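Student: Handing you this structure, nothing more for now.
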Amino acid sequence: MDIVQVKGLTKRFGGIVALDGADFSARLGEVHALLGENGAGKSTFIQILSGALNHDGGDILVDGQDYRPVNPDEALGRGIAAVFQELSLVPDLSVEQNIWFRREPRTWLRTVDVSQMRQQTLELFERYHFPSIATTREVRNLTLAERQIVEVAKGLAKNPRILILDEATSALPASEATWLLSLARQLADEGRLVIFISHRMGEVRAIADRVSVFRNGSTVATHDAAAVSDDQIVTEMIGRQLARLYPERMDTATDRVALQVRDFSSPPMLNGVNFDLREGEVLGVGGLQGHGQREMFQSLFGADKALGSVTLWGKPVCFDTPRQALSGSEGIALVPEDRRGQGLLLTKSVRENLSLPVIRRFSHLGLLNQRKEAELVRETMKSLSIKADTPEQIAGTLSGGNQQKVIFGKMLMTQARVLLLYDPTRGVDVGTKGEIFQLMRQLASEGYAILFYSSDLPELVNVADRVMVLRSGRVARMLEGDDITEEEILRAAVFDSEAA
Amino acid sequence: MNTFLSRNRLIVLAYIGMLLLVLITAFFSPGFLSASNLRSTFILASFVGIVALGQTFVIIGGGIDLSIPWVLNSAAVLMTLLCAGQDLPLIWVVPLLLAGGGLIGLLNGAGVALLGVPPIIMTLAANVILQGLILVFTGGTPTPAAPDMIKFLSVGRISGIPVIALIWTALTVLAWLLLSKSAFGRHLYAVGTNVTVARYSGVPTTRTTILTYVISGMTAALGGILLTGYSGVAYLGMGDSYLFTTVAAVAIGGAPILGGSGHYIGTVAGALVLTILTGLLPALNLSSGALLVVYGAVILLTVSIGSETFSEMWASASNRRKRIKEGTENG
Ligand SMILES: Nc1ncnc2c1ncn2[C@@H]1O[C@H](COP(=O)(O)OP(=O)(O)OP(=O)(O)O)[C@@H](O)[C@H]1O
Ligand SMILES: [Mg+2]
């Protein structure tokens, strides 16, 4: 019998219907993938399943018994734990303190048994082959990927029968994502149920036994993974056929250099990067995580400091703040790594978020022209098909992918023509991904210049005109034409290319 | 306006609370609704409201200004000394003192935004330093009386309406324009909500933060000048009560103390509530000690009703009730 059985689940947020009669059923020992467009209701569904939200209607049976947890602890009592899409670690606590948060091993004096806690952490890490992270580091000093890994450890530490991973791979670089996939497999083989949410078809293909597809808050179908084609799944997800994910290659690059970077350094992460980004070009950035990609993007945008010379459209520039980088159409805009920490005012409306970088442009004699603002906001929302009830919906209540689109929209509204995209499709559904790539291509053909980092190798291979691979804070190799393959990128990231 | 109200439910609550308070007060002390009493309530509320304007901006931006009492007091003392009872010097004394208040705010803001000193420490230090300076400067001697012009501004009337109420109204309109209709307002809310996101969005975060303290210094100085007209003289300690009342007015007006939202329109209600309350409590024949206790308790209650924890508690309680009704949970 299936351990989880869900019938006709509904959930409403005010006037917004997030779940509209969803059905679901899964058994122990399988990896069950959950697919669906941004805003389809996947996260809402698993939040209900894990006790973080109440549902309005419908029934959930776990082990054949009625199930309606009031909080995550009660859900855990029935063996269910979740790794949420939006991370929830306490920045001021260490890795191990976070993993065992509120469940710390105690000494007989009821104080926290630190050595026991460390021991348990190391055992957990070893048993599941965790990438190495020092257990005593403070979470605030970790990268997004590392935080995501700790989040997984925290879920596993609860030893659940059912583990839910909501887009846990989206923030991970290739090697760590692969690790997480094999971990999910291992857990299923141990007899647990893993509910796995991802927008990457390749990952789903690699591990899922069964696939359930959500659309507009209800279930379209559940398939045996082996018996269904990608095309069919995608069609069920988006309700139409996806012509193609990756846009046609077009060489729109001109000879004009948009962004020239020389000796760009900020030791120890950046050690002299040189490259030219041309007008009309999409220049990919690859390499193993932590080899200076993030620092490069941050520093070019003026959010961090770096030495070296940067020339923008032929003029030497030196940005001390993002504000300088964003000013005017000769500027640079960034889609930052951390959606919630850097990208969005979660408690403000979509409109306020979109217009924030350009709000001064709507100012006339000191007063805002709010009609003009609303008009431009509506246009941007439409061109990116941001799924929000109204422009006044609070950004934090959008689905993950739609939040990402708002950040993208913010950047487009600035009219800066050099774009730094740091993993811009993280958490974005296939249909929208296709649209974003299409948009990037279109912008390039209009004379924009785009620097594009992605943690998803196929994206780099299929979208970028050239790919520069960073290693130890330097450009290890610049791949062009037929050299742009996943293997070459990985090889350049790991080995010394000249010697090979 | 519709979205303004729906996004600022706490402000609506503050006004409803104020109306209730008016009814209660009118019940206990029937004289409350007399024209002269309403007028004097309004005048007193104006001082709180004007001084709390700057505090509102600072708190929305995620800070707090504890230097208000002695900025206010310094302005009052210096004004009486420099004018020596004459109206004419006001032409340069008032702008000078407003600029001086702004300068203190500039220093506060620079300490907070550029040096990263916590707002509580920075502004508390400024408060103590000003207090010391004024004590040294005046040597405790009494100061001359306030000029007539200032008296007119704070207690005078134009066709029956208190002049200060007009000043307050003008400032309220200005604050509303700044918060709701200007780019600065958007920047301010962004900074108070998440300063990193604001920075990544090209908001001049440092300048925005500093400006809030400048505004606060200026409204505190203005409050000091006007208050002298009300009391007739400047005296040491005249600003002390304004620390608590400004913060309380902002909080009652629905602005979370951590910043990012709220509005001066709410603070206006807060200032009125506090002033009416001070008028109501003596009518209940309480001793002055008991009066303070009630005063504090009422503020605590008002503020906590609006707080997030409270509304969460409320939501989860009603959820539970619903479920018990549905019979899915017993007990
Ligand atoms: N607290 C909330 N208030 C209002 N609407 C909400 C809230 N939480 C979710 N929603 C809405 O419910 C819908 C479903 O959101 P959900 O997060 O479940 O989508 P999802 O399938 O996980 O999408 P994604 O792939 O982008 O993560 C969305 O339209 C979202 O805007
Ligand atoms: Mg989601």
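The values are calculated or read from the model by the stated rules, or taken from the named source; none is laboratory data. If you're wondering where the values come from, they're calculated on a predicted model, not measured in any experiment. So basically every Cβ, Gly included, is an ideal-geometry build from the backbone, and we count neighbours across all protein chains shown. The protein model used for the area step is the full one, side chains on, heavy atoms only, and it has no ligands, DNA or RNA in it. Shrake-Rupley method; radii C 1.70, N 1.55, O 1.52, S 1.80 Å.
Student: In region A:398-441, what residues are charged (D, E, K, R), more than 16 Å from ligand 2 (Cβ to nearest atom) and under 19 Å from A:Arg240 (Cα atoms)?
Tutor: A:Glu435
Student: May I ask you to list pairs of residues, at least six apart or on different chains, whose Cβ atoms are under 6 Å apart, with the first in region A:75-91 being assigned by TED's automatic domain parsing to the domain that holds A:Leu144 and small (Gly, Ala, Ser) and the second being open to solvent by less than 50 Å² (accessible area, probe 1.4 Å) and within 16 Å of ligand 1 (Cβ to nearest atom)?
Tutor: Partner pairs satisfying both residue conditions: A:Ala75/A:Ser50; A:Ala75/A:Gly51; A:Ala82/A:Ile46; A:Ala82/A:Ser50; A:Ala82/A:Ile164.
Student: Being facing chain B (nearest Cβ under 10 Å) and on the phi < 0 side of the Ramachandran plot: is that true of A:Asn274 here?
Tutor: no
Student: Further, regarding this structure: Scan region A:357-370 and tell me whether some residue there is open to solvent by less than 40 Å² (accessible area, probe 1.4 Å), β-branched (Val, Ile, Thr) and more than 10 Å from chain B (Cβ to nearest Cβ).
Tutor: There is no residue in region A:357-370 that is open to solvent by less than 40 Å² (accessible area, probe 1.4 Å), β-branched (Val, Ile, Thr) and more than 10 Å from chain B (Cβ to nearest Cβ).
Student: Let me ask something else. Consider region A:225-245. How many of its residues are assigned to a loop (DSSP other than H, G, I, E, B) and at pLDDT 90 or above?
Tutor: 2
Student: Restricting to region A:221-235, give me the number of residues that are open to solvent by 40 Å² or more (accessible area, probe 1.4 Å) and touching a residue at least 24 places away in the same chain (Cβ under 8 Å).
Tutor: 2
Student: Do the conditions hold for B:Gly262, that is, is it in contact (Cβ under 8 Å) with a residue 60 or more places away in the chain, closer than 22 Å to B:Ile120 by Cβ and within 14 Å of chain A (Cβ to nearest Cβ)?
Tutor: yes
Student: Residues of region A:326-348 being buried (at least 21 other Cβ atoms within 10 Å of the Cβ) and more than 8 Å from chain B (Cβ to nearest Cβ), which ones?
Tutor: If the condition is that a residue be buried (at least 21 other Cβ atoms within 10 Å of the Cβ) and more than 8 Å from chain B (Cβ to nearest Cβ), then A:Gly331, A:Ile332, A:Ala333, A:Val335, A:Glu337, A:Arg339 are the ones that fit.
Student: Determine whether region A:177-195 contains at least one residue that is within 16 Å of ligand 1 (Cβ to nearest atom) and closer than 29 Å to A:Leu460 by Cα.
Tutor: yes
Student: Answer yes or no: is there a residue in region A:16-31 that is within 14 Å of chain B (Cβ to nearest Cβ) and away from ligand 2 (no atom under 16 Å from the Cβ).
Tutor: no
Student: Evaluate the following for A:Leu384: is it within 19 Å of the chain's Cα centre (by Cα) and at the interface with chain B (Cβ under 9 Å from one of its Cβ atoms)?
Tutor: no
Student: Give me the residue from region A:295-310 that is of a type outside the set (S, T, N, Q) and open to solvent by 30 Å² or more (accessible area, probe 1.4 Å) and, out of that set, nearest to the other protein chains (Cβ to nearest Cβ).
Tutor: Filtering region A:295-310 for residues that are of a type outside the set (S, T, N, Q) and open to solvent by 30 Å² or more (accessible area, probe 1.4 Å), the one nearest to the other protein chains (Cβ to nearest Cβ) comes out as A:Asp304.
Student: Count, please, the residues in region A:244-254 that happen to be exposed (fewer than 13 other Cβ atoms within 10 Å of the Cβ) and within 24 Å of the chain's Cα centre (by Cα).
Tutor: 1
Student: Where the second residue is of a type in the set (Lys, Arg) and away from ligand 1 (no atom under 16 Å from the Cβ) and the first is closer than 14 Å to A:Thr178 by Cα and not assigned by TED's automatic domain parsing to the domain that holds A:Gly400 and lies in region A:189-213, which pairs have Cβ atoms under 6 Å and are six or more apart or on separate chains?
Tutor: A:Ile207/A:Arg185
Student: Okay, moving on. Sort out which residues of region B:248-297 are among the small types (Gly, Ala, Ser), open to solvent by 10 Å² or more (accessible area, probe 1.4 Å), closer than 30 Å to A:Leu344 by Cα and in a helix (DSSP H, G or I), and write them in order of number.
Tutor: Passing the criteria: only B:Ala251.
Student: Output the residue which, of all residues in region A:255-294 that are among the acidic types (Asp, Glu) and modelled with pLDDT of 95 or more, is most open to solvent (accessible area, probe 1.4 Å).
Tutor: So the residue we want is A:Asp263.
Student: Looking only at residues in region A:45-66 that are open to solvent by less than 30 Å² (accessible area, probe 1.4 Å) and free of Cβ contacts under 8 Å to residues at least 40 places away in the same chain, which one is nearest to ligand 2 (Cβ to nearest atom)?
Tutor: A:Ile48
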